[in-house]
Amino acid sequence: MDTDTGQGTSTPAQDGTPAPDRFPAQDRFAAGAQYIAGRLRPGTSGRHQAVVDPATGETVYTYELAGPADVDAAVAAAGAAFPGWSGATPGERSDALHRLAEVLAGRAEEFAQAESLQCGKPLRLTREFDVPGTVDNAAFFAGAARHLQGTSAGEYSGDHTSYVRREPIGVVGSIAPWNYPLQMAAWKILPAIAAGNTIVLKPAEITPLTSLLFAEAAKEAGIPDGVINIVSGAGRDAGEHLVGHPDVVMTSFTGSTGVGKRVAEIATRTVKRVHLELGGKAPFVVFDDADLEAAVHGAVAGSLINSGQDCTAATRAYVQRPLYDAFVAQVAALMETVRLGDPFHDGTDLGPLISHVHRDRVAAFVERARGYATIVTGGETPRGDGAYYPPTLIADAAQDSEAVQAEIFGPVLVVLPFDTDDDGIALANDTPYGLAASAWSRDVYRTGRATREIKAGCVWINDHIPIISEMPHGGYKASGSGKDMSAYSFEEYTQVKHVMYDNTAVARKDWHRTIFGDR
């Protein structure tokens with residue numbers, strides 16, 4: 001396996017051409033990593049946070065973390081901006097979001113480099129997936145802002161006309177994770193503001209850069225100050241204060257199921273609306289009539305996307321016995337061709353994990369699996385300064401083992417055999433999670449059954465991972481509740497109000513007899 005982990009700021013690529021310079025984070029955000037009421041400012045916690053390039057281990061940005069006072073200021077700014085923004089017409093909000101999409105597209109390379117720097121994602125991934133997906137989300141919600149529709153007016157009682165208003169709910173306090181900082185910021189911000197809300201977003205403290213760029217782009221697009229605010233702080237300080245803030249009416253959280261439970265607990269104290277997109281352990285079910293080559297390529301790509309740091313990544317491959325041995329051999333062979341390297345080199349397929357701490361966590365899962373399973377390929381930590389970990393395939397694990405049941409969140413795929421179709425679907429459902437899944441077969445009846453019976457918010461057929469702005473994203477069971485993206489997301493960010501008009505102009509209604517009797 002190629003493990004070129006070049007360490008310089010502009011090292012030669014594998015084809016001899018220089019890699020792009022790293023994003024100049026320290027200079028770019030010298031004023032601070034809090035974006036409140038339209039300007040950057042330092043935090044007030046008295047504690048500092050390093051943003052580390054996981055490809056080199058070098059600190060690329062240091063800033064003062066947000067404390068409760070910064071959260072209070074951001075919530076106040078959002079509250080002050082709410083009357084004007086919620087009072088804007090859908091067309092005005094739509095126009096602003098169209099301009100935002102244009103600004104994002106015009107600054108695409110800046111966003112791609114900042115995202116690759118803080119996350120270790122290959123520049124190919126940020127240029128072709130993270131940034132275009134974010135631009136498309138902005139364009140989608142620009143259109144969706146004009147379509148906040150309710151039930152058609154009608155005389156449902158006979159004597160009254162009823163209709164439904166869909167109204168913004170107020171100040172939203174959202175928390176985004178470190179694995180897709182830019183896209184998750186967009187998934188939180190765009191539906192909220194398209195519906196007329198204002199927002200305070202807390203990105204993960206180790207990956208604040210693209211959230212700050214996003215807020216600046218919104219200002220450039222003409223979105224008023226205070227509509228979008230960013231507080232870069234630790235979860236126990238800024239995050240918990242934001243979720244529990246009495247002036248925040250809704251919280252949207254993406255992250256682990258364990259932390260999601262804590263968010264829900266805090267939010268219930270002030271009876272907030274809660275949207276949770278949590279962990280996953282996506283099954284990848286291969287029936288015996290599947291296109292083996294397609295399934296093998298889908299499994300490798302689906303398990304390694306973003307170095308496996310994706311809650312929808314393929315993590316559990318269940319393969320019907322006639323294909324099992326060939327699938328294991330071919331997946332291992334294909335994994336061994338994947339090139340680890342500098343994220344800024346064009347020839348890199350897989351970058352590092354987000355941090356050395358997380359890399360060691362993933363490696364520990366694999367080391368423990370050696371005691372009860374077979375490491376078919378991978379499983380050895382490369383030497384060097386970066387937080388790299390190779391594509392790893394595990395076989396011969398039991399269904400109730402840690403490797404099968406726990407969310408490893410790294411480039412690790414576990415493969416198990418199954419006999420009957422009933423077995424395959426039952427095994428797919430046999431974890432606490434239900435975010436995403438895929439089924440592979442040429443038989444439409446088999447795949448139709450899989451879409452009905454696999455308990456997951458998204459079931460792909462003969463593919464794994466693609467998402468689109470027009471369709472909802474969200475899970476079953478311990479994977480959370482509510483939807484990101486699509487028009488369904490407005491269910492999270494709007495208040496539904498029933499309005500009823502009397503049509504009779506009669507002072508004494510028939511139902512008054514229940515109170516006044518014969519009077």
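The values are calculated or read from the model by the stated rules, or taken from the named source; none is laboratory data. Note that the structure is a prediction, hence the values are computed from the model and not measured. Methodologically, a virtual Cβ is constructed for each residue, glycine included, from the backbone with ideal geometry; neighbour enumeration extends over all protein chains shown.
Output the residue which, of all residues in the range 436-449 that are of a type in the set (A, V, I, L, M) and surrounded by 24 or more Cβ atoms within 10 Å (Cβ to Cβ), is farthest from the chain's Cα centre (by Cα). This residue is ALA439. When restricted to residues that are touching a helix residue (DSSP H, G or I) at 6+ places or on another chain (Cβ under 9 Å), surrounded by fewer than 22 Cβ atoms within 10 Å (Cβ to Cβ) and not in a strand (DSSP E or B), the range 273-295 contains 4. Of LEU125, LEU117, LEU212, LEU148, which residue is assigned by TED's automatic domain parsing to the domain that holds GLY32 and not in a helix (DSSP H, G or I)? One residue alone meets the criteria, LEU148. Among the conditions (1) without any contact (Cβ under 8 Å) to a residue 60 or more places away in the chain; (2) closer than 28 Å to ALA406 by Cβ; (3) surrounded by fewer than 21 Cβ atoms within 10 Å (Cβ to Cβ), the only one that ASN462 does not satisfy is (1). Kindly indicate which of VAL300, VAL286, VAL296 is of a type in the set (Val, Ile, Thr), within 18 Å of LEU340 (Cα to Cα) and assigned by TED's automatic domain parsing to the domain that holds ALA329. Being of a type in the set (Val, Ile, Thr), within 18 Å of LEU340 (Cα to Cα) and assigned by TED's automatic domain parsing to the domain that holds ALA329 holds for just one of VAL300, VAL286, VAL296, which is VAL300. Checked against (1) aliphatic (A, V, I, L, M); (2) out of contact with any Gly (no Cβ under 6 Å at 6 or more places or on another chain); (3) under 26 Å from PRO343 (Cβ atoms), ILE175 passes all but a single condition, namely (2). Modelled with pLDDT of 95 or more and either part of a loop (DSSP other than H, G, I, E, B) or buried (at least 23 other Cβ atoms within 10 Å of the Cβ) (or both): does that describe ALA456? It is true that ALA456 is modelled with pLDDT of 95 or more and either part of a loop (DSSP other than H, G, I, E, B) or buried (at least 23 other Cβ atoms within 10 Å of the Cβ) (or both). Looking across the range 477-510, the residues that are surrounded by 12 or more Cβ atoms within 10 Å (Cβ to Cβ) and of a type in the set (Phe, Trp, Tyr) come down to TYR488, PHE490, TYR493.
Does at least one position in the range 226-240 carry a residue that is surrounded by fewer than 24 Cβ atoms within 10 Å (Cβ to Cβ) and closer than 19 Å to PRO191 by Cβ? Yes; the residues of the range 226-240 include at least one that is surrounded by fewer than 24 Cβ atoms within 10 Å (Cβ to Cβ) and closer than 19 Å to PRO191 by Cβ.
Scanning the range 104-148 for residues that are surrounded by 20 or more Cβ atoms within 10 Å (Cβ to Cβ), hydrophobic (A, V, I, L, M, F, W, C) and under 22 Å from THR89 (Cα atoms) turns up ALA138, PHE140, PHE141, ALA142, ALA144, ALA145.
If a residue must be more than 11 Å from TYR35 (Cβ to Cβ) and not in a strand (DSSP E or B), how many such residues does the range 199-209 contain?
The total comes to 5.
Just to verify a result, which residue in the range 258-272, among those that are among the small types (Gly, Ala, Ser) and surrounded by 15 or more Cβ atoms within 10 Å (Cβ to Cβ), is farthest from GLY196 (Cα to Cα)?
So in the range 258-272, the residues among the small types (Gly, Ala, Ser) come out as 258, 260, 264, 267.
Within this subset, residues satisfying the condition of being surrounded by 15 or more Cβ atoms within 10 Å (Cβ to Cβ) are 260, 264, 267.
Numbers: GLY260: 26, ALA264: 24, ALA267: 22 Å.
Per the criteria, the residue is GLY260.
There is at least one residue in the range 201-210 that is crowded, with 23+ Cβ neighbours inside 10 Å, of a type in the set (Ser, Thr, Tyr), within 26 Å of THR251 (Cα to Cα) and in contact with a Pro (Cβ under 8 Å, 6 or more places away or on another chain).
Screening LEU148, LEU117 for residues that are hydrophobic (A, V, I, L, M, F, W, C) and farther than 30 Å from GLY196 by Cα leaves exactly one candidate, LEU117.
Go through the range 447-496 and report how many residues are over 23 Å from ARG146 (Cβ atoms) and hydroxyl-bearing (Ser, Thr, Tyr). The number of residues fulfilling the criteria is 5.
Results for (1) under 30 Å from ALA50 (Cβ atoms); (2) outside any helix (DSSP H, G or I); (3) touching a strand residue (DSSP E or B) at 6+ places or on another chain (Cβ under 8 Å), shown as yes or no for each residue.
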site	(1), (2), (3)
PHE111	yes, no, no
LYS121	yes, yes, no
GLY158	no, yes, no
VAL164	no, yes, yes
TRP187	yes, no, yes
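Only residues that are surrounded by fewer than 18 Cβ atoms within 10 Å (Cβ to Cβ) and touching a strand residue (DSSP E or B) at 6+ places or on another chain (Cβ under 7 Å) were counted in the range 23-36, giving 2.
If the requirement is being under 15 Å from ALA397 (Cβ atoms), charged (D, E, K, R) and outside the structural domain of VAL52 (by TED's automatic domain parsing), which of these qualifies: ARG339, ARG368, ARG361? Steps first, please.
Details: ARG339 fails: under 15 Å from ALA397 (Cβ atoms); ARG361 fails: under 15 Å from ALA397 (Cβ atoms).
The unique qualifying residue is ARG368.
Could you tell me whether the range 248-257 includes any residue that is surrounded by fewer than 19 Cβ atoms within 10 Å (Cβ to Cβ) and of a type in the set (S, T, N, Q)? Yes, the range 248-257 has at least one match.
Given the criterion part of a loop (DSSP other than H, G, I, E, B) and closer than 30 Å to SER162 by Cα, identify the matching residue among VAL499, VAL506. It would help to see each step written out before you state the result.
Details: VAL499 fails: part of a loop (DSSP other than H, G, I, E, B).
The match here is VAL506.
Look at LYS219 and say whether it is of a type in the set (D, E, K, R), in a helix (DSSP H, G or I), at pLDDT 95 or above and surrounded by 24 or more Cβ atoms within 10 Å (Cβ to Cβ).
Answer is no for this residue.
Pairing each residue of the range 167-179 that is assigned by TED's automatic domain parsing to the domain that holds MET250 and at pLDDT below 95 with any residue that is surrounded by fewer than 24 Cβ atoms within 10 Å (Cβ to Cβ) and of a type in the set (Ser, Thr, Tyr), provided the two are 6+ apart or on different chains, yields C-beta distances under 8 Å for GLU167/SER86; GLU167/THR494.
Closer than 19 Å to ALA139 by Cα, part of a loop (DSSP other than H, G, I, E, B) and not polar (S, T, N, Q): is that true of GLY226 in this structure? In short, no.
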